[in-house]
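Enquirer: Let me begin by handing over the structure; questions about it come next.
Every number in this text was worked out from the coordinates using simple rules, so none of it is lab data. On a predicted model such as this, the values are computed, not experimentally measured, just so you know. Every residue, glycine among them, receives a Cβ derived from its backbone with ideal geometry; neighbour counts consider all protein chains shown.
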Amino acid sequence: MRKMLAVLVLCGVGAWSAQAQTGALLPYKSAHWKQTVTMTGADAASLQNIKAELWFLSPDRLRVVTVVDGKRQVILIGGGLAHVFEEGGEMGVRMPLQKQMLDKLAQFTEVFSKLDSWKKSKVGTEKVGDKTCDLYAFKDAADGQVIEGKVWLWKEKNFPVRIAQSSQGRTVTIEHSEAEINETVPPELFEPPKGVKFVEPPSAAPGAAK
């Protein structure tokens, strides 16, 4: 059970909860892509690499697959609930979409809520693989720190294929690959598997202390 919940700790901070209240989670009808987040600092010990595969179906259905301890962990979002389970396993966790969880999961989708604010200072056009991208430079402020970055926006699909951000000697690079935008995503991908028994953690049970 701890491994199933551990996937929630992989995620960072974000603004998903506010975004989810104002419309579709992402600005597409559907999407499928792979994400790699690389974090580097002043020394090799600071290197981190997180990989995920995501599927989205408008307005708020999301499937996130990550690897935890060598096993594929799945988070399904939809209908106000999150289902967390291990592929091939028999047990899973079901819990309501409380703000704390949404904020943690926002690492995977926060960049999409910022696209409009980032698309103000175009500095060129570049290709990332076979995709022609508009390149924008931006500055963000977070916790009193200035974050400088660039975003490579796939012109055809309005999709960020690369984001690079730097602040105080720390760099975060997000790569989105194998992106399929507004193409068919099977709805059954977002349904909890029938062969898995889902239980609620004590903190999610009715009447539990908040």
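Enquirer: Only sites in a loop by DSSP and with at most 12 other Cβ atoms within 10 Å count here; which GluC sites (Glu not before Pro) in segment 116-210 make the cut?
Expert: Listed in order of number, the matching sites are Glu156, Glu183.
Enquirer: With each label point set 7 Å from Cα along the Cα-Cβ vector, what nm distance links Lys99 and Lys71?
Expert: In this crude spin-label approximation the distance works out to 3.3 nm.
Enquirer: Could you sort out which of Lys119/Lys139; Lys51/Lys155; Lys131/Lys157; Lys34/Lys139; Lys34/Lys131; Lys29/Lys194 sit more than 21 Å apart by Cα distance in this structure?
Expert: Checking Cα-Cα distances, Lys51/Lys155; Lys34/Lys139; Lys29/Lys194 exceed 21 Å.
Enquirer: Please compute the modelled spin-label separation between Glu90 and Gln168, points set 7 Å along Cα→Cβ, answer in nm with one decimal.
Expert: 4.8
Enquirer: Which of the GluC sites (Glu not before Pro) found in segment 84-123 are loop residues per DSSP with 14 or fewer other Cβ atoms within 10 Å of their Cβ?
Expert: Glu87, Glu90
Enquirer: With labels modelled as points extended 7 Å from the Cα through the Cβ direction, what inter-label distance (nm, one decimal) is found for Phe198 paired with Glu180?
Expert: Output for this residue pair reads 2.4 nm.
Enquirer: Applying 1/(1 + (r/R0)^6) with R0 = 22 Å to the Cβ-Cβ distance of Asp140 and Met39, what FRET efficiency is obtained, to the nearest 0.05?
Expert: The pair Asp140/Met39 has a calculated efficiency of 0.85.
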